[in-house]
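Below you'll find the structure, written out as structure tokens, and then a few comments.
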Amino acid sequence: MPVAYPSWPAVNRLKSAVQQRTGPVTLVSENIAFPPLGHPAALSREAVGSKAAALSALVAAGFPVPAGFVVTAAALGAVTAQRVIEGLQAAAAAAGPGPYAVRSSAAAEDLPGASFAGMYESYLNVSAADLPGAVERCRQSAKADRIRAYQASLRTDAGEGPGTHDGATAGAGAGMAVLVQQMVDPAAAGVALTANPLTGDRSETIISAVPGLAEGLVSGVETGEEWVVRAGRPALTRGAAGVLSKESAAAVAAIAEQVAVHFGCPQDIEWAVDHAGMVRILQSRPMTALPEPVSWEPPGKGTWLRNFRLGEWLPEPVTPLFMDWVIPRIDAAYNEAVFASAGISVAMGHGQVNGWYYVSPPSPRALPHLLFGGKPRSLPYFFNSVVRPMFDPVGADRRVLRELEHEWRTECLPSYRTLVESSLGVAGTATLPELLDIVERVARKAGEYLWFFAATGGAAWKMEMVLARFWRRHIAGAPAGRAAPGELEVTGYQTLLGGLAPALPARVPHAVYSIDWYHRTAGEQPGTAVTERASLPQPPPVVPATQRRRAAEAACRAVLTRTRQLHRFDNLLSVAQHYALLREEQARDFTLGWPLLRRCATEIGTRLRDGGIIADPADVYFLTFDALRLDAPPQQEDVARRRKEWARQRKLSAPLQLGKLPPVLGNMFDQIANSARSTRDVPAGALVGHPASPGRAEGRVRVVDGPEGFSRFLPGEILVAKATAPAWTPLFAVAAAVVTDGGNLAAHASLVAREYGIPAVVGTGNATTVLRTGQLVTVDGNAGTVEVGGLSDQRGSHA
């Protein structure tokens, strides 16, 4: 369904009251061709655009807004060029002395899902004499290639998007109005959000501030200092308090909160403080997609991680039936497989918080059980499979891991494939009990597979940590006489783990976006191919990852020639590369049974629909296991309630961790990330994650929530996602870089980015909420940072 623009009751009441006094407004009449802010003709979003209509309403309500007027599209089409020039001069004189700011104000701007932020040109410090030219250039910017590309990228295959939202596509062209206001000479300026965009907390106002004009902050080039104001009490959360004082931050928050009350919903406000200390409102638009306020309490004692084991494959809240039925079967089979191999039980708790999956790894208290609670062979097996890869990968490979890999290849994978192939042919005619049995067996086989995946492919990140230490000590830290070449110092050790596959990863039909069976597999997704647009700038060519890796290997061996470390390096590199490649191979086929699982879910849903238990086969995903029977009572009300709750939970930004990590585990995770980081000197305001694939790249952000967004991805953009899985691989072929909320050095995004030779930063926690589509950023895959702004200046300021 198209998203309706939030109504502004205050604006509508104001417009009605003014029109009752003045009579109907004729928008093209000559005397209001350039309506001043606050005039009734400047209250219509359709006539003057979203930005001007909001500011006009604030002026009429008495808020401090710089004086100005609107150049409407209707006026420009109804009068001659000479009359336009004369009208501009008269309107500017009425507004007050210049210089002026000239900005776009289209009806299509500031819509949910179609902000056009940073797309149109703005012109600052314009003299009265230069207004006609600035207004025309501002209007012409609506015809730029980037605007057309953005419009095209927002259209969905279902025909929804800006093109169906109040004439958004047309409104971005010839129908755009232009807003002219007196310039403010600010001591500081910035943005105020009257609700926390991450938590939905309406009692917090988040303020970003920079000295002088805020064009760099608004367009994404600067980050500025940040304040959080609650109950009038400001707290500095980023920066060094050099822009705003506590008193100024409180004053900005107070007027921002009054604006939100006036419009009746949380607002995204641009503001400025002049040298006299007066706060001015420069723009106000509704905040959209705000989550409902929630709390994130651990579901039990200890540490709970969202980005661990199955959590890496679940980038969204889990649908009820998958959580109630499939995940417990996978977990149970995983634990049985661990016991069969190691002779010990290593159960991990799992739970949901606001619909999101969390798992609790064993705490230090479980160590005595892990060491002495199993069979006689358990201790050496545990040591060689879990601990030894972190300091002696070659020994771990020789003693345990290579044998486990052989068992996976010769027994686990073939039996999994046989089960899937033999069951696909009978799913369509199976009875309900038979369908339930197929799901049980596939889920359990996936759990067994997960053990081999975790034990062998999961050793990749531990081996990488050892390789990183070796790199720092013996290559990057080599004596001056045999120091690493400059290029190696720049690329980092991760280059050694890229370009390993003989061919780039192939697309398989059982690849998934998420292991939650609600989501289609790659083989079911229609129209999700990355759109190729020859007219758009393509990403610059890069040296193939295989070529870079071979050059780095040769350079490392040159550094280590005639040292005792060369033989160790060759052995270490061999196993690290082997298990990095193995992990991606295992990840590809972990979901081999998912097309069958989804087929069974559809068949189960069809039988329950025919029995009157649910209204639609797709409702099955929102049932619980106890309702999977033909004599169950009608479930329509429960399904509707759960579906609505799940849709709300999808908007939340879930923390990666609940509770405190034990010191040992916490230090290990920090050590892994820091061992890969090229520098500990993190730029102020940068988004920090795990340095997953080397290189630096700049580009425009494209936040992709799922397969439905694949076709909107443009070549050369920065892919920003909660997490990626094998179904996302086609995007890597055209992305300039990858940034994810979750993941680690052995995650899908890390490994595939290396194969394609593009930078990647993973495990940022909140990139999808901090960054926005269209924002210019620089991704440093060596340092693990994402900075707002580019390596070079792309274009002028934008509104």
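Each of THR563 and ARG398 was given a label point 7 Å from its Cα along the Cα-to-Cβ line. The distance between the two points is 2.3 nm.
Taking the protein heavy atoms of region 365-465 in the context of the full set of protein chains, the accessible area attributed to carbon and sulfur is 60 percent at 1.4 Å. Sorting the segments 741-749, 56-64 by their mean number of nearby beta carbons within 10 angstrom, highest to lowest, gives 741-749, 56-64.
Shown is the FRET efficiency for GLU585 and GLN140, computed with R0 = 45 Å from the Cβ-Cβ distance and rounded to the nearest 0.05: 0.30. With protein chains left intact and a 1.4 Å probe, residues in region 256-396 average 39 Å² of accessible area per residue. For region 301-341, with all protein chains in place and a probe radius of 1.4 Å, 59% of the accessible heavy-atom surface sits on carbon or sulfur. For PHE391 and SER245, the FRET efficiency from 1/(1 + (r/R0)^6), where r spans their Cβ atoms and R0 equals 56 Å, is about 0.60.
Computed extension length for ALA235-LYS660: 150.6 nm, one decimal, from 0.36 nm per residue of separation with the Cα-Cα distance subtracted.
Peptides 772-779, 600-607 ordered by packing proxy, namely the average of other Cβ atoms within 10 Å per residue, highest first: 772-779, 600-607.
Per-atom-type breakdown for region 542-633 gives carbon and sulfur 51% of the accessible area (1.4 Å probe, protein chains only). Maximal additional length on extending the THR606-ARG473 stretch stands at 41.8 nm, based on 0.36 nm per residue less the C-alpha distance. Ordering 637-649, 421-433 by mean Cβ neighbour count within 10 Å, with the highest value first, yields 637-649, 421-433. Sorting LYS51, LYS445 by solvent-accessible area of protein heavy atoms yields LYS445, LYS51, largest first, with a 1.4 Å probe. Residue separation of ASP705 and ARG83 scaled by 0.36 nm, minus their Cα-Cα distance, works out to 219.1 nm of gained length.
The values are calculated or read from the model by the stated rules, or taken from the named source; none is laboratory data. Note that the coordinates shown come from a computational prediction; the quantities given were computed from them, not determined experimentally. Because the Cβ atoms are built from the backbone with ideal geometry, glycine has one as well, and the counts that use them run over all protein chains shown. Side chains are part of the model used for accessible areas, which takes the heavy atoms of the whole protein and leaves out ligands, DNA and RNA. Shrake-Rupley method; radii C 1.70, N 1.55, O 1.52, S 1.80 Å.
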